[in-house]
1. Restrict the check to the stretch 45-53 and report whether at least one residue is within 12 Å of the ligand (Cβ to nearest atom), without any contact (Cβ under 8 Å) to a residue 40 or more places away in the chain, within 19 Å of the chain's Cα centre (by Cα) and outside any loop (DSSP other than H, G, I, E, B).
2. What are the residues in the stretch 168-197 that are part of a helix (DSSP H, G or I), surrounded by fewer than 17 Cβ atoms within 10 Å (Cβ to Cβ) and free of Cβ contacts under 8 Å to residues at least 60 places away in the same chain, if any?
3. Does S62 qualify as being within 11 Å of the ligand (Cβ to nearest atom) and in a helix (DSSP H, G or I)?
4. Being within 15 Å of the ligand (Cβ to nearest atom) and either assigned to a loop (DSSP other than H, G, I, E, B) or at pLDDT below 95 (or both) is the filter here; which residues of the stretch 22-44 pass it?
5. Conditions: (1) in contact with a helix residue (DSSP H, G or I) (Cβ under 6 Å, 6 or more places away or on another chain); (2) closer than 30 Å to D36 by Cα. L322 meets all but one. Number of the miss?
6. Which of the residues that make up the stretch 14-31 are under 15 Å from A89 (Cβ atoms), out of contact with any Ser or Thr (no Cβ under 8 Å at 6 or more places or on another chain) and surrounded by fewer than 24 Cβ atoms within 10 Å (Cβ to Cβ)?
7. Would you be able to tell me the number of residues in the stretch 290-306 that are surrounded by fewer than 14 Cβ atoms within 10 Å (Cβ to Cβ) and in contact with a strand residue (DSSP E or B) (Cβ under 7 Å, 6 or more places away or on another chain)?
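The values are calculated or read from the model by the stated rules, or taken from the named source; none is laboratory data. All values derive from a computational prediction rather than experimental measurement. Note that each Cβ is placed from the backbone with ideal geometry, even for glycine, and that neighbours are counted across all protein chains shown.
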Amino acid sequence: MATSLPSLAYCNESQVTIVGAGHVGSALAQCIAQRDLANVVLFDVIADRPQGLALDLNQARSHGRYGHTIRGTNDYADTANSDLLVITAGLPRRPGMSREDLLTTNGNIVAEVVRQSLVYSPHASLIMVTNPLDVMTYLAWKVSGLPPQRVMGMAGVLDSARFQTFLAAELGVPAGDVAAMVLGSHGDLMVPLPSYSTVSGIPVTELLPPDRIQAAIDRTRHGGAEIVSLLKQGGAYYAPAAATCAMVESIVLGQSRILPTAAYLTGQYGLEDVYLGVPCQLGKGGVERIIELAALTPAEQDALMRSAASVKQSLNQALALLLT
Ligand code: TXD
C-alpha cells in the first residue's frame, strides 16, 4: 500500500520516481521535496521502508511551504506515469571494495528495476546513480530501449562539487564562488579539468601553484573512498543526493543547465558507443546537447581516452558476466 497526502493545486504535476529508498534515495527525496520540484514516489523492495520514509518526509512538510506529494511503495504500479526515474537501487561499496566489485550484483538489479519501472512509465527519462556508474548507465540504456538522450548518469556533478570544495579550501574562498569541471568516468580515472575550473571567472591555474591543484585533484579522485573509509558502513549520500537533485531540477523545470553528465557518445571527443561524463545541457527532453570542449590539452584528451577504455573494459566484463 502506498502512503499519500494530497498535493496543492499550484504545483506542477511532474512525477519523479526514486527506485531504491536507501541513503541516496531518501536524501534525494528530501532534496526534491524541500525545493518543491515534483511529486515524488519512493520505491524499494524492503517492505514498508519507503512508506515509513514517505510518512517521515510528509511530516517534515509542516515546517516548509512545499505542496507536492511524497509517496512510498513496494508496488511498481504506484510509480505509473512518472516523468523521470532515478535509479539508486543496488549495493553500495564497503571499505576496500572497488566500484567494479559491484558489477554483477548491481547489473542484475539495474536490469530488473529498469524493465519493471518502464512497464508503468514508458515515457520517462532515466537518471542512473547506481555504481559502477558509467557501466550501469550503459546497461540501463540497453535494457530500456529508450533513445540515449533520455538515459543519463549522475557522477560528474558530484565529482565537480568535490573538486570545487577542495579548491575552495586551498584558496580560502567560499565554495559557491568556485565553478569546477570534472569529466570522464566515475572512479580513479576521472578527469578533473583545472583550466576549465574558475573562481569568479578566473582560472584556478592563475590562482594556485601546480602542486596545490594536484593535491585538490588527488583528493577529488579519492573523494568517495575517503568518505567510505570514515563511515565504515555505506558511502556518501548527502552530496550525491544534492548533485542528483540539480540534474532533476534542470530536467523537471526545463532549465537547460550545463552540467557534467554521463551521456552516450556518438563520436564526440573521438569516442563512440560508451557512456562517459561530458558537459551536457539538461532539459525537459533529457540530454538536449552534448558540449565538446575545444581546448582540452593533449594530456587531458589522453586521460579521457584512458577513462573511456576502462569503462568499455568493465562494460564488456559486465555484459559477459550478466549473459552467462
Ligand atoms: O556518484 C554516484 N553515482 C554515486 C553512486 C554516489 C553515491 C552512491 N553511489 C551508488 O548508489 C552506490 O554505490 C550504490 O550503488 C547506490 C545506492 O547507494 P546508497 O548509499 O543509497 O545504498 P543503500 O543505502 O544500500 O540503498 C540502496 C537501496 C536499498 O534500500 C535496497 O533495499 C534497494 O536499494 N534495492 C532495491 N530497490 C528496488 N529494487 C531492487 N531490486 C533493489 N535492490 C536493492
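1. no
2. Taking the stretch 168-197 as the starting set, the residues that turn out to be part of a helix (DSSP H, G or I) are 168-171, 175-177, 194-196.
Okay, now just the ones that are also surrounded by fewer than 17 Cβ atoms within 10 Å (Cβ to Cβ), so 169, 175-177, 195.
Answer for the stretch 168-197, where residues must be part of a helix (DSSP H, G or I), surrounded by fewer than 17 Cβ atoms within 10 Å (Cβ to Cβ) and free of Cβ contacts under 8 Å to residues at least 60 places away in the same chain: A169, A175, G176, D177.
3. Values: within 11 Å of the ligand (Cβ to nearest atom): no; in a helix (DSSP H, G or I): yes.
Taking the combined requirement at face value, the residue does not satisfy it.
4. Within the stretch 22-44, G22, D44 qualify.
5. (2)
6. H23, A27
7. 1
Table: residues versus (1) surrounded by 15 or more Cβ atoms within 10 Å (Cβ to Cβ); (2) more than 22 Å from T17 (Cβ to Cβ).
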site: A225; (1), (2): yes, yes
site: S229; (1), (2): no, yes
site: A242; (1), (2): yes, no
site: L253; (1), (2): yes, no
site: L265; (1), (2): yes, yes
site: L271; (1), (2): yes, yes
